[in-house]
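Novice: Sharing a structure below in structure tokens format, with a few things to ask.
Throughout, read-outs are computed from the coordinates displayed, never taken from laboratory work. Fair warning: this is a prediction, and the values are worked out from it, not measured in the lab. Here the Cβ positions follow ideal geometry from the backbone for every residue, glycine too, while neighbour counts run over all protein chains shown.
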């Protein structure tokens, strides 16, 4: 269950980063097929970005950094809108439940964020793990190869919080096939037994062509889910996983279009897509990911909940060709996850927004509005041996605790404590948030 690193890989990554400065310190334009597991160089880049330093700049001469700083994330209802129905959606990032994140260490994991996260009508997250007896519990890894993720029923109890917690799970990601077809099917059986919503992995071709539509208070929400990659895992039954290779140079969006068409057939008022994409430990999405996000919104998706990079990335308010305002979250970041050497992974955020249905100029319309963002810190205190206290703490509380002249409530390491000001000024203020935020940040 211990987090594994490789001193040799770290040394090699640092050495290569000196020789190949641009390759390691800047996002690289996409060429051909995305393939990290099959490339020694890409593995060294991953080691550098995870264990040494995350990339905090966008692609050179792309204008991406300035583009995100100018975003207006205040989603407002149009004048004259007459509200009939309303629901609230909340979303967090990756549920990995590995290493020190055990049921014993996570008993109070959500306590400080429940009021914001668990009180929505639909609470969402990305289940980046199987739930199966096919493999041991935790992050199981051979250095040089992608780890395998497997969590347990007791962690699901914590996620669900007696029925008050997470009730929608995106299951399409690069770890959903870690224990083969049986591991994938066991996971679906567990979710069915717990009466929760999910999408992204499937038992049959018929299931894959269908779309989950959740109805709450007279509003129908289609919940789509896709992954860009499978960690090199090959599988013949393509219906098992909604794999759309967004990270490739050429992307086939036909499955997404079929799902959007099906959602419309089922009279969905709003379409949400959870998408596992992008490059790990990079703070900005690549140009091609931004382009694909806009294409998907123009096709009919209203909200994108991104994951995979293990760091949070900026958000976008995109106005589509048909005049809709879409929320694109490129990466929600880590959540129930543990990357101790990735400093930027410790700061994540949860979002919450209203979905309102009503009439505008006599026509029925549905809008996403009142976006709220809560920055949180992933806190993991070693209590001795294999015992930990892990929880999500509102970031403002951690910052204020750091000013308490040594009488600290949260026992961060000296290195973590010294890094807090950088996380606030450089990561949160400079990278993640636009220049004008209004009242959307809920500390």
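Novice: Restricting the count to DSSP beta bridges whose residues both fall in the chain, what percent are antiparallel, rounded to a multiple of 5?
Specialist: Of all bridge pairs located within the chain, approximately 60 percent are antiparallel.
Novice: Then there is this: Calculate the FRET efficiency for residue 85 and residue 322 from the Cβ-Cβ distance with a Förster distance of 30 Å, rounded to the nearest 0.05.
Specialist: Details: r = 22 Å, r/R0 = 0.74.
Taking R0 as 30 Å, the efficiency between residue 85 and residue 322 is 0.85.
Novice: What is the Cα radius of gyration of segment 67-378 over 2.2 N^0.38 Å, N being its residue count?
Specialist: Taking the Cα Rg and dividing by 2.2 N^0.38 Å, one obtains 0.94.
Novice: Quick one: order 276, 259, 339 by neighbouring beta-carbon count within 10 Å, fewest to most.
Specialist: Values: 276 31, 259 27, 339 22.
With the sparsest Cβ surroundings first, the list reads 339, 259, 276.
Novice: Given 10 Å bins starting at zero, what is the percent of C-alpha pairs of segment 250-400 in each, up to the one with the largest pair distance?
Specialist: For segment 250-400, the pair-distance distribution reads 10, 33, 30, 17, 7, 1, 0.
Novice: Using a Gaussian network model of the chain whose springs link C-alpha atoms within less than 10 Å, name the residue from 350, 19, 241 with the highest mean-square fluctuation.
Specialist: Of 350, 19, 241, the most mobile in the Gaussian network model is 19.
Novice: Along the Cα→Cβ direction, 7 angstrom out, place labels at residue 266 and residue 4. What is the inter-label distance in nm?
Specialist: Here the modelled spin labels are 3.9 nm apart.
Novice: Could you identify which residue out of 206, 54, 104 has the top mean-square fluctuation in a GNM of the chain using Cα springs shorter than 10 Å?
Specialist: 206
Novice: Could you tell me what fraction of 2.2 N^0.38 Å the Cα radius of gyration of segment 226-313 comes to, as a two-decimal ratio?
Specialist: 1.11
Novice: Using the 10 angstrom Cβ neighbour count as an exposure proxy, how do 212, 255, 347 rank, fewest first?
Specialist: 255, 212, 347
Novice: Can you report the principal axis dimensions of segment 90-248 using only the alpha carbons, biggest first, rounded to whole angstrom?
Specialist: The Cα atoms of segment 90-248 stretch 41, 38, 30 Å along the principal axes, largest first.
Novice: Ok, one more. When only Cα pairs under 8 Å and 6 or more residues apart are kept, what is the percent relative contact order across the chain? Write down the numbers at each step before the final one.
Specialist: On the way: 964 pairs, mean separation 90.7, N = 443.
It comes to 20 percent, rounded to a whole number.
Novice: Something else: Calculated from DSSP H runs of 4 or more alone, at -39500 (n - 2.57) each and per residue, what is the 222 nm mean residue ellipticity of the chain, nearest 500? Write out the running numbers ahead of the final one.
Specialist: On the way: 12 runs with 108 residues, N = 443.
Calculated from helices alone, the mean residue ellipticity at 222 nm is -7000 deg cm²/dmol.
Novice: While we're looking at this one, here's another question. Connecting C-alpha atoms closer than 10 Å in a GNM of the chain, tell me which of 180, 385, 323 has the biggest fluctuation.
Specialist: 385
Novice: I need the peptides 113-119, 6-12 ranked by packing, meaning the mean over residues of other C-beta atoms within 10 angstrom, with the highest value on top.
Specialist: For the peptides 113-119, 6-12, the packing ranking is 113-119, 6-12.
Novice: Return one quarter of the surface area of the convex hull spanned by the alpha-carbon atoms of segment 121-175, equal to its mean projected area, in nm².
Specialist: 4.2
Novice: Could you calculate the FRET efficiency of residue 65 with residue 255 from 1/(1 + (r/R0)^6), where r is the beta carbon distance between them and R0 is 35 Å, rounded to 0.05?
Specialist: Efficiency, rounded to the nearest 0.05: 0.65.
Novice: So if the hydrodynamic radius of segment 7-66 is defined as the Kirkwood radius over C-alpha pairs, what does Stokes-Einstein give as its diffusion coefficient at 25 °C and 0.890 mPa s, in µm² per second?
Specialist: 200
Novice: Would segment 32-152 count as rounded, prolate or oblate if I go by the C-alpha gyration tensor, calling it rounded below 1.5 in a/c and otherwise prolate when a/b exceeds b/c, oblate otherwise? Mind showing how you got there, number by number?
Specialist: Working: a/c = 2.47, a/b = 1.23, b/c = 2.00.
Oblate, because a/c is 1.5 or more while a/b does not exceed b/c.
Novice: A follow-up question, please. If you find the alpha carbon centre of segment 82-158 and of segment 1-27, how far apart are they in angstrom?
Specialist: About 29 Å separates the Cα centre of segment 82-158 from the one of segment 1-27.
Novice: Here's something else I'd like to know. Based solely on C-alpha atoms, express the radius of gyration and the Dmax of segment 134-207 in angstrom.
Specialist: For segment 134-207, the Cα radius of gyration and maximum Cα-Cα distance read 13.0, 39 Å.
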